[in-house]
Amino acid sequence: MGVAVDYLFSQTLGGWKPYREHDTVLVVDFGGQYAHLIARRFRDVGVYSLLVPVDEFSREVVEEVRPKAIVFSGGPSSVYAPNAPKVPEWVLELGVPILGICYGFQLLALMLGGVVERGKGEYGRTKIRLVKNDMLFYGWDSVEVVWMSHSDYVAKVPSGVDVLAVSENGYVAAFRVQGKPVYGVQFHPEVVHTPKGRLLLYNFAVRVAGCRATWKPEAIVDKLIDYVRRVAGGGGRLLAAVSGGVDSTTAALIARKAVGKRLVTVFVDHGLLREGEREEVLGLLKRLGLEPLFVDASERFLSRLWGVSDCEERRRIIGEEFARIFQEIVERLGDIEYLVQGTTYPDVVESGAVKGADRIKTHHNVGGLPSWLKLKLVEPLRLLYKDEVRRIALSLGVPYEAAYRHPFPGPGLAVRVIGKFTREKLEIVRKASKIVEDVLKKYGLYYTVWQAFAVVGDDKWVGVKGDRRAVGYIVTVRIVLSEDAMTADWARLPAEVLDEISRRITWEIPEVTMVTYAITTKPPSTIEPC
Ligand code: XMP
């Protein structure tokens, strides 16, 4: 198969093409960290979207997808850089509405004969002023706040182009080719910091391009079930490793509906779960009718991890141990032919696109299952974003708390202990994380943040407990806001909430004498400490 054909197959669900049933926006990804956000926003407003990395963009792709609109995303390059990604000129002749964003805006300017130069740059919240009415800005006031992130700027607009908005620093913030639905915006309408950005994307897709907003993830459950029946048509059983997270649970539920008892659900406790999580997950799976095969492998994992200081080494050990356990299960059960995975769309796009639904490949969610397991992959969620999976989960009866549970890394609490891995430190993070979650729930804040947990390392702080000098651990609390874990901001919580977290941790965990709050964004930091 040619690259484009492979790529296109990866955008189907085993051959089912949502882009044939729904008006579709094709987002050309120039490597910007925001490309997925753009695609997600269109789906949020009911318009199906798919992402094509710029290297895969071709006539075949356009002819197959027949997009009603095309978006050029932002990207890290300068349009004048030697290997700056470009799109062919013919895309402007298709007659399909186009919206260039940031890098895409500058590229459009260049393709149309304008000039792009390096300037002072604009970063963060910036005001823009609309200077010409246009449907793209329907519902916008004449001055609005947008999010900028650029150093190059459009120094000279191409002829035949109307400037629609300028920034407070005097840069062109938006333009339109006269008489054509071809637009560029310098700012990022896809991020939440552009308050009317979602409206702009809706205006572009629906009001300008005439897309019908028919996309609703809950409505495709039958398609997902059909897909599983089709790709798992052999006689063997299907194995679903479930963590209690929304992706794996939803994938297993769909598979159960598709093949009934041919599905075997496995839940492994690696000893690195949060407090009470084992019982919660077992209860949830049972309520959902998934009755898991439960493997208590805590001692097996932990005995290999004690004393290991390097976090990556711990990840490796955990991956290896998972693989062994799965191998044992597969050998024991004998007739497992398929592996059900909760892979979602960003993984599909990022792992190089090309994946036939029935291709055999290494499992990457449950700690790297080896390809020698020779299981055929079944990935019912492969075209969906996590928020869409959550909506589907709710529609299948998954309780809200489970559908909107915070993401939790596969290696669990092992990545929240810095330095030597000890039982004492593991217990400290387990208890402290529970306190963090409890306090957030008490104040109604848990579902407003992306992740919230505690971390412990080897540093100590001198304290006074009951009039006596005591040397104890420092626990760092990390509570972040994020939309996709690619970027994150620390949560500005009320002082009383942080105070209660600190008091409860030092009071209930005697080994801790200091609580700190992590106030670094991602980047430059990461969400987990290691
Ligand atoms: P970082 O720390 O890279 O995390 O900012 C981004 C997101 O990924 C999660 N994470 C992991 N998930 N295995 C996983 O399944 C891992 O080894 C792992 N490390 C980080 C993290 O919780 C956050 O949501």
So the strands (runs of 3 or more DSSP E) completely within the range 135-203 holding 2 or more residues that are assigned by TED's automatic domain parsing to the domain that holds residue 37, open to solvent by 20 Å² or more (accessible area, probe 1.4 Å) and touching a strand residue (DSSP E or B) at 6+ places or on another chain (Cβ under 7 Å) are 143-156, 161-167, 172-177
By residue number, the members of the range 209-243 that are open to solvent by less than 10 Å² (accessible area, probe 1.4 Å) and hydroxyl-bearing (Ser, Thr, Tyr) are 227
Picked from the range 495-530 (must be away from the ligand (no atom under 16 Å from the Cβ) and without any contact (Cβ under 8 Å) to a residue 40 or more places away in the chain), the residue surrounded by the most Cβ atoms within 10 Å (Cβ to Cβ) is 502
Okay, helices (runs of 4 or more DSSP H) sitting entirely in the range 235-334 with 2 or more residues that are closer than 28 Å to residue 388 by Cα and modelled with pLDDT of 95 or more, I get 246-259, 277-287
Those helices (runs of 4 or more DSSP H) completely within the range 377-482 that have 1 or more residues that are buried (at least 16 other Cβ atoms within 10 Å of the Cβ) and within 16 Å of the ligand (Cβ to nearest atom) are 386-395, 423-442
Has the range 283-292 got any residue that is more than 16 Å from the ligand (Cβ to nearest atom), over 21 Å from residue 429 (Cα atoms), surrounded by 14 or more Cβ atoms within 10 Å (Cβ to Cβ) and in contact (Cβ under 8 Å) with a residue 60 or more places away in the chain? yes
Scanning the range 14-28 residue by residue, those open to solvent by less than 30 Å² (accessible area, probe 1.4 Å) and at pLDDT below 95 turn out to be 14
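The values are calculated or read from the model by the stated rules, or taken from the named source; none is laboratory data. As the structure is a prediction and not an experimental result, all values here were calculated from the model. Cβ sites come from the backbone with ideal geometry, for glycine too, and all protein chains shown count toward neighbours. Only protein heavy atoms, including side chains, enter the accessible area calculation; ligands, DNA and RNA are left aside. Shrake-Rupley method; radii C 1.70, N 1.55, O 1.52, S 1.80 Å.
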